[in-house]
Every structure is written in C-alpha cells, then in structure tokens.
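Enquirer: Questions regarding the structure given below will be posed in turn.
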Amino acid sequence: MKSEKFDVIIVGAGVSGLYMLYRLRELGISARVIEMASDVGGTWYWNRYPGARCDTNTLEYSYSFDEELQQEWEWPERYPSQPEILAYLKHVADRFDLRPDISFNTRVDAATFDEASSHWRVSTDDGAELAARFLIMATGCLSEPNLPPIGGMDSFRGPIYHTARFPHEGVDFRGKRVGVIGTGSSGVQAIPVIAEQAAQLTVFQRSPQWSIPAQNRPADPELVAEIKADYAGFRARNRLQPGAQMSHMLPNDISAKAVAEEERQRIFEERWQEGGFAFYGSFNDITVDLESNAMAAEFVRAKIRQIVKDPAVAEALIPEYTIHCKRPVMDSGYFETYNRSNVLLVDINAAPIEAITPAGLRTREADYDFDIIVLATGFDAMTGALLKIDIRGRGGLTLREKWADGPVNYLGLQVPGFPNLFTITGPGSPSVLTNMMVAIEQHVEWVADCISYLEEHGQASIEATEEAQEAWVAHVNEVADQTLWTACHNWYQGDNIPGKPRVFMPLPGFPPYVEKCDAVVANGYEGFVLS
Ligand code: NA7
C-alpha cells in the first residue's frame, strides 16, 4: 500500500481548496489536495444545470488575494454564470501552477487521528493511505446532493438528473416532456431555461419561493473601471459590510416602519429594479422585524400577482412563510415562465408525490408522463460532505457521534477531540450567510496563519476546548434566535433532510465574526490548547 506524508492534506479543490493550497505554498508548507472530481471548481464543477449562475456580483465573487489576477480577469456580466466561474477557477489553478499538488478523481473515504504520532491518516478510494499533521476540510457547504426519498427511481425509463450532478455534455431538452422537482435557487434558475426548450415542462412545487429578479445585465464598464482603479479599497470596504457584499448599493439604515407608505413603496420599487439581494437592504429590519418583513412580503406578493396571468397559479406561487426565511432566491424570468402554455405547476402539498413510475411520476391525484426528470432538490447542507467521510478523532470518537445532535465546534473552525482538523466555512461560521468568497478567504488566511504560528513556535498541535465550544454554540444559537430564519422550513437548520437534527448551522454576523477570530489570535489562541 502506498503511504505518502505531507504537512497538510486538503480535501476538495473548489474555491477554498485552491486558495488554501496557494496560501500554504507561499508559507513553504507542503500540502496535497485530494479531489473527487476530474478537475478543479468544487460546486462550480458539479452544478452544470441550465441557467446555473452565482447570485453575488462578479466583482465581489472573485479572489482578492492577487492584485494582478483581479485586474486581469474580465467578467462579461453582472453575475457570473457557472461556465465563467469554472473557467476562472481553472485559470487560477493554471496561473499559480496548482495542479501538480492536486490528486484528481480521488475520494477521501476515511480520516483517523493517530494519537501516538499526532498525525491524521487519510484513506482514499484508490486504496492509498496518506499521512499529514493537519487535515483541512475544504469540502464546501452545498456539495452533498439531497436525493429525495421517492420510491421507484430505478424504474423510470428515461434519465433522472440531479441539478448538482448534471451531465458535462449538457442535456438536450428540445421536444421533450420534462418534470422538475424542487423550486429552490437551482430550480428557479433552471426552470425558465428548460421551459424555453422543452415541449412540456411540469414543475412539482413543495414550497413556493419568494424570488426577486436578479436584473442580470452586461457588466457596466464604468463601474468596473471605477472599482479596478482601487480594487484593494473596494475589497476592504466590502469586508466591512454585513455579509460582505453589495458595496455599491448599501442597505438603507432605516426601518420600513419609519417611512410613509408612498415612500416605502418607492424604495421597494427602486430596490426591486436594482435586483437581487439589494431588495433585502431596502430597510434595516426586514430580516428581523415581523411587521417590516410583512411589508416587504406584501410588495413581492403584489408583484407575483401582476406578473402571473392566471390568478390561481399566482396564488399557488405565493409563499405563506416570512420573506427571506429560506435562503433568498433571485431569478431571471421565473414567475413569467408560468405564463407559458407549455408549463404546468403542480402543488405537491395538495397532491404529494407517491412514486416515480416507468413512464414518469405519480402524485396522489394524477399520473404524468416524462422523457426526462430533473431533481432540483438541493443539498444536505453544511454537514453532509463532512459526515460522509468516516472521520475519527481522539479515542476513536467519530465526527458522526460527536455531531449526532447537530454540529458543535468552536468558531466554525475546529471540533474538540479532533486536533489539527480545520473546517473551511464550517457550520458555526458566517459561511452561506456571507459572500462565500470573502468567508472562504478569511478562513483560509486564519488557518494558514495558525499553522504557520504553530510551526514557528514549535507546537505540534492545536485543539479547541470543550468550554470554548459550549460558549460558541450558545452564541450561534443566541444570534440565530434574534432573526426570522428559524421561523420556517429551510436548509440552514437541516429541515430539508428527513431525520437531520434541527440546529441553525451558519452564524449570522459578518463582520463581527472576523473581529472575534482576530481577537482569539491576539489573545494567544484563546479557547484552543496548543501543545
Ligand atoms: P434548495 O434551496 O434546498 O431547494 C430544493 C428544492 O427542492 C426546494 O424547493 C425543496 O422544497 C425541494 N425538495 C427537497 N426535497 C424534496 C422532496 N423530497 N420532495 C419534493 N421537493 C423537495 O436547493 P437548491 O439546489 O435549489 O439551492 C441550494 C443553494 O445553492 C441555494 O440556496 C444557494 O445558496 C445556492 P422545500 O423548500 O424543502 O419544501
């Protein structure tokens, strides 16, 4: 059996893994990245469904660590499409010559902490065993697909595609009868594009979506030039914003309740026209105050009724839960799609799916015939990819046991009992509630600095304490309880996965989180034991 030794093993060659490798290399620390896919890109490698696009502005959804890179790269649109992001990440891998340190087509199956040697032993599906002092999980927050527990999948005569495992050669929907299950970001992006091609599209909706138009458009050369004239300054200002984004349309610092009705409507309309997340910055309390939230919801409700011509369909598309409670979705012509004669909406709350059949799908009320079924059913978010690997810490304790009642850790970075193991944008960190690029860069830099510190100070290991973990978990819960996110069914708290413990996983609170991480370091890695 092969057995290779490194300072660090990084799992995953997406946005996090690539930067982690780059950063460690700069510090002269040897690292090997293990990647399941055949190329770099992580979530942008896998999510190739039609219409796949990031909903953060390109000028913000890109690495900031290299001035030449950020000056050189040209993004053609306001929001980057999946092929553009993948091309960008491949460019980064080539530009910094990262590929020689990445093992592609290799899956990590298990990782065990060997207390005697203070090393992680990592085994992969090709039978190899690797050892490293540090193990960094750059496995992504939304990477483990959620396959719905619907019977009869194997019986279907046509192909079934999950949006997060779409064929690389694309799918030709022309002339086909297509069924799509799921109306989260992926479904909302894919549905309008599939509808344009397919002969017939049937959408199976479990929960309607509050969606705001993305208002995607070609990149504005003046804005690009203005930002590139001082990119570093732009990034720095960005990091001071809540969620680290949208620095060119800042949230209004006023309550929705503090302005007259006419002015409120004017502001909502202005933000609707601006598009995307800007809408939720119309006022400073939409996400925390029920009354202000209801005002925003009423505005969007009226928009859906205006757009969708069939009143019964419009009503079926309007959610009852608070707006911004599920992960916000933005679209390009989503509601308009339901005005097409080849599109049918099926409310599966009224008539649940009973099974996939050889010919298509059966609900309690009807049978549907399809040529292709698309599962836009999302992910086992935040913990799925980590728990899929058999991770064992001190005394053989498994991460699955440790997290049986939900993920616990310190700063979203380290779990007591699992020394020298770091999670990039792990549960308990701002992660998905932040511009992911910024959240990732902050974590990568913190971890790289930490490993470098240990090397310089002759320390072999770092481990979070139980006390620090307890206080951190209490903090995350306390912050989450002040928001409206816990008031509905969403993947932030695992509601989409049957049997998953209901724990609010991401930490609302960027940039205060960064200050906390910096203070921990300034106080000699407070809450960790270095030995
Ligand atoms: P999401 O947002 O989790 O959406 C998944 C959709 O699939 C959502 O409408 C679900 O309904 C639906 N779903 C999930 N399981 C089932 C079953 N068993 N039956 C019927 N419908 C089901 O995933 P996306 O991929 O769209 O987006 C994930 C993130 O990627 C997104 O938030 C961005 O951050 C990028 P539900 O709402 O659970 O009732």
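The values are calculated or read from the model by the stated rules, or taken from the named source; none is laboratory data. Computed from a prediction, not measured in an experiment: that's the story for all the values here. We place every Cβ from the backbone using ideal geometry, glycine too, and count neighbours over all the protein chains shown. These area figures cover heavy atoms from the full protein model, side chains too; ligands, DNA and RNA do not enter into them. Shrake-Rupley method; radii C 1.70, N 1.55, O 1.52, S 1.80 Å.
Enquirer: Hey, could you check region 318-346 for residues that are of a type in the set (D, E, K, R) and surrounded by 19 or more Cβ atoms within 10 Å (Cβ to Cβ) and say which is farthest from Asn490 (Cα to Cα)?
Expert: Of everything passing the filter in region 318-346, Asp331 is farthest from Asn490 (Cα to Cα).
Enquirer: I need a count of the residues in region 143-164 that are more than 7 Å from the ligand (Cβ to nearest atom) and within 17 Å of Ser185 (Cβ to Cβ).
Expert: Adding up the residues that qualify gives 5.
Enquirer: Away from the ligand (no atom under 16 Å from the Cβ), modelled with pLDDT of 95 or more, open to solvent by 30 Å² or more (accessible area, probe 1.4 Å) and of a type in the set (Val, Ile, Thr): does that describe Ile254?
Expert: For Ile254, the condition - away from the ligand (no atom under 16 Å from the Cβ), modelled with pLDDT of 95 or more, open to solvent by 30 Å² or more (accessible area, probe 1.4 Å) and of a type in the set (Val, Ile, Thr) - is met.
Enquirer: Step by step: first the residues of region 430-463, then only those that are small (Gly, Ala, Ser) and away from the ligand (no atom under 15 Å from the Cβ), then the one that is most open to solvent (accessible area, probe 1.4 Å). Which residue is that?
Expert: Per the stated criteria, the residue is Gly458.
Enquirer: Something else: Those residues that are outside any helix (DSSP H, G or I), more than 18 Å from Pro319 (Cα to Cα) and open to solvent by less than 20 Å² (accessible area, probe 1.4 Å), I need them from region 273-308; list them, please.
Expert: Gly275, Ser282, Phe283, Asp285
Enquirer: Only one of these conditions is not met by Gly509: (1) closer than 30 Å to Arg237 by Cβ; (2) away from the ligand (no atom under 16 Å from the Cβ); (3) assigned to a helix (DSSP H, G or I). Which number is it?
Expert: For Gly509, the exception is condition (3).
Enquirer: Scan region 75-129 residue by residue and report those that are assigned to a strand (DSSP E or B), hydroxyl-bearing (Ser, Thr, Tyr) and closer than 30 Å to Gln273 by Cα.
Expert: Ser81
Enquirer: Could you check, for region 367-384, whether at least one of its residues is within 14 Å of the ligand (Cβ to nearest atom), modelled with pLDDT under 95 and either surrounded by fewer than 17 Cβ atoms within 10 Å (Cβ to Cβ) or under 30 Å from Ala110 (Cβ atoms) (or both)?
Expert: no
Enquirer: Those residues that are open to solvent by less than 40 Å² (accessible area, probe 1.4 Å) and touching a helix residue (DSSP H, G or I) at 6+ places or on another chain (Cβ under 7 Å), I need them from region 115-140; list them, please.
Expert: Scanning region 115-140 gives Phe134, Ile136, Met137, Ala138, Thr139, Gly140.
Enquirer: Any idea which of Arg177, Arg239, Arg165, Arg206 is surrounded by 17 or more Cβ atoms within 10 Å (Cβ to Cβ) and touching a helix residue (DSSP H, G or I) at 6+ places or on another chain (Cβ under 8 Å)?
Expert: Testing whether each residue is surrounded by 17 or more Cβ atoms within 10 Å (Cβ to Cβ) and touching a helix residue (DSSP H, G or I) at 6+ places or on another chain (Cβ under 8 Å) leaves just Arg239.
Enquirer: Taking the condition under 30 Å from Gly158 (Cβ atoms) and hydroxyl-bearing (Ser, Thr, Tyr), does Thr357 pass?
Expert: Yes, satisfied.
Enquirer: Further, regarding this structure: For residues that are of a type in the set (Asp, Glu) and farther than 14 Å from Glu445 by Cα, tally how many sit in region 1-29.
Expert: 2
Enquirer: If you don't mind, there's one more thing I want to ask. Assess whether Asn349 counts as being within 30 Å of Val171 (Cα to Cα), open to solvent by 40 Å² or more (accessible area, probe 1.4 Å) and in contact (Cβ under 8 Å) with a residue 60 or more places away in the chain.
Expert: yes
Enquirer: Within 19 Å of Pro430 (Cα to Cα) and not aliphatic (A, V, I, L, M) - does that describe any residue in region 248-270?
Expert: yes
Enquirer: Let me ask another. So, of the residues in region 35-88 that are within 13 Å of the ligand (Cβ to nearest atom) and on the phi > 0 side of the Ramachandran plot, which turns out to be surrounded by the fewest Cβ atoms within 10 Å (Cβ to Cβ)?
Expert: Gly51
Enquirer: How many residues, within region 200-240, are within 16 Å of the ligand (Cβ to nearest atom) and either closer than 19 Å to Ala52 by Cα or assigned to a strand (DSSP E or B) (or both)?
Expert: Of the residues in that region, 11 qualify.
Enquirer: Can you go through Val408, Val415 and tell me which one is among the hydrophobic types (A, V, I, L, M, F, W, C) and open to solvent by less than 10 Å² (accessible area, probe 1.4 Å)?
Expert: Going through Val408, Val415 in turn, just one is among the hydrophobic types (A, V, I, L, M, F, W, C) and open to solvent by less than 10 Å² (accessible area, probe 1.4 Å): Val415.
Enquirer: Now, a different point. Filter region 180-199 down to the residues that are of a type outside the set (A, V, I, L, M, F, W, C) and assigned to a loop (DSSP other than H, G, I, E, B), then identify the one that is surrounded by the fewest Cβ atoms within 10 Å (Cβ to Cβ).
Expert: The qualifying residue surrounded by the fewest Cβ atoms within 10 Å (Cβ to Cβ) is Gly184.
Enquirer: Can I ask one more? List the number of the failed condition for Phe156; all other conditions in (1) open to solvent by 30 Å² or more (accessible area, probe 1.4 Å); (2) out of contact with any helix residue (DSSP H, G or I) (no Cβ under 6 Å at 6 or more places or on another chain) hold.
Expert: The failed condition is (1).
Enquirer: Same structure again: Any idea how many residues of region 246-269 are closer than 19 Å to Val288 by Cα, among the hydrophobic types (A, V, I, L, M, F, W, C) and over 31 Å from the mean Cα position of the chain (by Cα)?
Expert: 2
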